[in-house]
Amino acid sequence: MTENTVNISDIRNVAIIAHVDHGKTTMVDWMLKQTHTFRENQAEMSQTTILDSNDLEREKGITILAKNTSVDYFSRKSGQNYKINIIDTPGHADFAGEVERVLGMADGAVLLVDAAEGPLPQTKFVLKKAISLGLRVMVLINKIDKPHADIAGTINQIEDLFLNNTDDPSYLDFPIIYSIGLQGKAWDHLPTPEEIAQPTDLTILFEKILEFFPSARGNDEAPFQMLISTLEADSYLGKLCNGRVKRGQLHLGDRVTVIDQNNANYGSYRVEKLFTSHGLNRVPVEKVWSGDIVSIAGIKELTIGQTVCDPDHLEPLASPEITEPTLKITIGPNTSPFAGREGKFLTSRQIHERLMKEKETNLGLRISQQVDSFGFEVAGRGELHLAVLIETMRREGYEIEVSKPQVIYKQIDGQQHEPYAEVTVDIPNEFVGTVNAEFSRRRAVLTDHRDNGKGETRLVFEISEANLLGTRTVLMTDTRGTIQMNSISLGYRPMGGTYQQLRNGVLISADTGKSATYGLDNAQQRGTLFVGVGEDVYEGMVVGLNSRDQDMEVSVTKVKKSTNVRSATKDMGVQLTPPVRYSLEQCLDFLEDDELLEVVPSTLRLRKKWLKKPEREKMKKRAI
């Protein structure tokens, strides 16, 4: 059915909230498909994670950006058509800013929980935020067909979660829907194996959404008012602002005024285009009503959190509170000898423009220019939050260099405070001792220890974020890749004990050129290599990890001089160990204070801040 056939008196605005990888986006896929949003022969009918359109989202398998879609649903129970606006939110704690800015558009939230894993850190965060906004919450227990599903235990944990986050008894009487998201099936009771085998759909879920959540409709006769929740860029229309119409109506060609929380006026504009959403598409309309989520074109000065309202009634809406960042890095133009070889954007001005553009839509970031350099201090919610920005810029053609992540400290009541995190670790029982030992070294406090009786243990720690840096990379190796680690911010606490990083020294290239077999063979006897044969290296570039504590210079470009036939062929039998290739997040974990990460479109290079050996020795003496 089309937009014009939907009864405007019946709209539901629903947010899908959950921890990462619990199945939110897959569930939305089936909601779109089962409401016939796509034709049977459309490509989307055979696709998965349809809303994760960003390349990085598909590669990492997570939702990074909050997105709004809508479906038209005919209820056989009431005999009416409904429009359901669905807000798909990120499930990783680093992107909690995305959740905070869009939850205000919803009237209710579907809390989706994995039947085997139960509530995890982000589940706690999003539920607390939804309750603080007064949203009604229903529970969807997903993946009930998993071999290790513990549905009774999951329900008990969810009940504890509600008890710990609200004193309102109405929240404790929440409806529960059971589902298998991968198959697009839902039940209002725990199904038997025979019922699971029978064909069914998401009708139970849709009907419960209509029954449990209030209508989004407001007063159409009141003056127009809308809070800007997201921004979009269109090559033809320019900037579009998206948000929920709090009250009133808006027609194409009407004039609106933009104000902020402090009633500052940013000008009056004519509405050039109006859109609502249907499936993955924006649908042009001539009029919008209260309760719907819409897009407006024609407003030049836009910022998330501003209010678009009737020019004769300048009444601002409260903008969402965004949790402050806890981690910072420095981003600057690439200064390595290989700078400018492949990037399209090289200068400090171009980097500044790109960061300012990012700041408009990424509310979790704080960006400021350093006074004593051409670099910019970028603060975010975590390593992944910052890594996604860096990777996006790399793919767009920027050449940049990045410093080691640093925790942001605060002075509170005259005392130094640092951010803390709650870390949940799921591991096979055989690695419990390994994980406990690593967190103990990092001065973490164990707050919970549960054995699920199926060969796995869940450990919960409280640890300062400064001591947490680099833990994932270490434990991923120590547990042979079996660890699942998730964290959530606990806010700021007084400074605790610091953990002295015990990373070994590095192997530093002593010259510039192409790496050769002979030089690499000598270097690999001293540690682990990061480069292979025939790669470009420069003086001061980190080419490996030393087996000792000290940094060591090596010549990986050195070629064995040929004096006769026998010696010329001798190197043909040299066996080089394949080089270690770190991901962007692993590179950020690896860095020390005197090192930088060079990020260019084709590769990542670790390097020393001071490339020449005399410069490094001079700076080392100054630090003593």
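Every test in (1) farther than 30 Å from Pro601 by Cβ; (2) among the small types (Gly, Ala, Ser); (3) not in a strand (DSSP E or B) is passed by Ser336 save one, and that test is (1).
Taking residues in the range 507-521 that are in contact (Cβ under 8 Å) with a residue 40 or more places away in the chain, and partners anywhere that are among the basic types (Lys, Arg), the pairs with Cβ atoms closer than 6 Å and at least 6 places apart or on different chains are Tyr518/Lys558; Tyr518/Lys560; Gly519/Lys558. The residues in the range 322-361 that are without any contact (Cβ under 8 Å) to a residue 40 or more places away in the chain and among the small types (Gly, Ala, Ser) can be counted, and the count is 1.
Residues in the range 392-409 that are buried (at least 19 other Cβ atoms within 10 Å of the Cβ) and in a strand (DSSP E or B): Tyr398, Ile400, Glu401, Val402. Tell me, which residue of the range 323-355 that is aliphatic (A, V, I, L, M) and open to solvent by less than 60 Å² (accessible area, probe 1.4 Å) is nearest to Ala421 (Cα to Cα)? Filtering the range 323-355 for residues that are aliphatic (A, V, I, L, M) and open to solvent by less than 60 Å² (accessible area, probe 1.4 Å), the one nearest to Ala421 (Cα to Cα) comes out as Leu327.
Would you check if Arg503 is of a type outside the set (Gly, Ala, Ser) and on the phi < 0 side of the Ramachandran plot?
In short, yes.
Looking at Gln261, Gln249, just one residue is open to solvent by 40 Å² or more (accessible area, probe 1.4 Å) and within 17 Å of Lys83 (Cβ to Cβ), and that residue is Gln249. Just to be sure before I move on: is Val533 open to solvent by less than 40 Å² (accessible area, probe 1.4 Å), modelled with pLDDT of 90 or more and not in a helix (DSSP H, G or I) in the structure I sent? So Val533 does not fit the description; no. Restricting attention to the range 231-246 and to residues that are open to solvent by 10 Å² or more (accessible area, probe 1.4 Å) and touching a helix residue (DSSP H, G or I) at 6+ places or on another chain (Cβ under 7 Å), the residue that is nearest to Ile299 (Cα to Cα) turns out to be Leu231.
Within the range 464-486, identify whether any single residue is touching a strand residue (DSSP E or B) at 6+ places or on another chain (Cβ under 6 Å) and of a type in the set (Asp, Glu), and answer yes or no. Scanning the range 464-486, I find at least one residue that is touching a strand residue (DSSP E or B) at 6+ places or on another chain (Cβ under 6 Å) and of a type in the set (Asp, Glu), so the answer is yes.
Looking at Phe125, Phe174, just one residue is surrounded by fewer than 17 Cβ atoms within 10 Å (Cβ to Cβ) and touching a strand residue (DSSP E or B) at 6+ places or on another chain (Cβ under 8 Å), and that residue is Phe174.
In the range 505-523, the qualifying residues are those that are open to solvent by 40 Å² or more (accessible area, probe 1.4 Å) and among the polar types (S, T, N, Q), and the one that is nearest to Pro579 (Cα to Cα) is Thr517. Each residue in the range 214-271 was checked for being among the acidic types (Asp, Glu) and either without any contact (Cβ under 8 Å) to a residue 12 or more places away in the chain or not in a loop (DSSP other than H, G, I, E, B) (or both), and 2 pass. Number of residues in the range 378-429 that are without any contact (Cβ under 8 Å) to a residue 60 or more places away in the chain and not hydrophobic (A, V, I, L, M, F, W, C): the value is 6.
The values are calculated or read from the model by the stated rules, or taken from the named source; none is laboratory data. Quick caveat, the model's predicted, so the values are computed rather than measured. Using ideal geometry, Cβ is built from the backbone for each residue, glycine included, and neighbour counts are taken over all protein chains shown. Ligands, DNA and RNA are stripped out before the accessible areas are found, and what is left, the full protein with its side chains, is counted by its heavy atoms. Shrake-Rupley method; radii C 1.70, N 1.55, O 1.52, S 1.80 Å.
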